[in-house]
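So the structure is just underneath, and the comments pick up after that.
The values are calculated or read from the model by the stated rules, or taken from the named source; none is laboratory data. Only a predicted model underlies this, so the values are computations on that prediction, with no experimental measurement involved. Cβ sites come from the backbone with ideal geometry, for glycine too, and all protein chains shown count toward neighbours. Ligands, DNA and RNA are excluded from the accessible area calculation, which covers all protein heavy atoms including side chains. Shrake-Rupley method; radii C 1.70, N 1.55, O 1.52, S 1.80 Å.
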Amino acid sequence: LNNSESGLFSGANLTLQSDNPVNGDANFASGGNFRLEKLDGSLGDLISFNNSVILSQGNVRLGSFEGASLRILILIL
């Protein structure tokens, strides 16, 4: 996930699980809700030192963010 041209895309909900912060400069797109969570189900953290983008058609849930910038775009249909 260390390439700003890469990404994770889902036509439905997208959930990333990790006990450690997700570290990546990728773009994330979900056709539903987007969520970062730890293995116990609590909200997880995102680290991105470049410009990550989260594009979602639903809710966006994450713990903390560390990095240069984060764009969150919500599509309302």
Net charge near Asn51, counting Lys/Arg +1 and Asp/Glu -1 over other residues with Cβ under 11 Å of its Cβ? 0
Solvent exposure, largest accessible area first (probe 1.4 Å, DNA, RNA and ligands not counted), of Phe65, Phe34, Phe9: Phe9, Phe65, Phe34
Length released on extending from Ile74 to Ser18, taking residue separation times 0.36 nm less the Cα-Cα span: 17.8 nm
Stretched fully, the stretch from Asp40 through Ser10 gains (0.36 nm per residue minus C-alpha distance, one decimal, in nm) 8.6 nm
Tell me which label goes with the value of volume of the Cα convex hull per residue in Å³ computed from the coordinates here: [x] 75; [y] 91; [z] 103. [x]
Arg61 long-range amide H proximity, modeled H, under 5 Å: Phe34, Arg35, Leu36
quick note, the chain, DSSP beta bridge pairs, % antiparallel (nearest 5) is 5 percent
Taking θ as phi - 60°, what are the ³J(HN,Hα) couplings along the range 9-19 by the Karplus curve (6.51, -1.76, 1.60), each to the nearest whole Hz, with x for Gly and Pro? 10, 9, x, 10, 4, 10, 10, 10, 10, 6, 6
Those GluC sites (Glu not before Pro) in the chain that DSSP places in a loop and that have at most 15 other beta carbons within 10 Å: Glu5
Applied in sequence order to the range 69-75, the curve 6.51 cos²θ - 1.76 cosθ + 1.60 (Karplus, θ = phi - 60°) yields integer Hz couplings, x standing for Gly and Pro, of 7, 9, 9, 10, 10, 10, 8
Using only alpha carbon pairs under 8 Å that are at least six residues apart, calculate the relative contact order of the chain and give it in whole percent. 27 percent
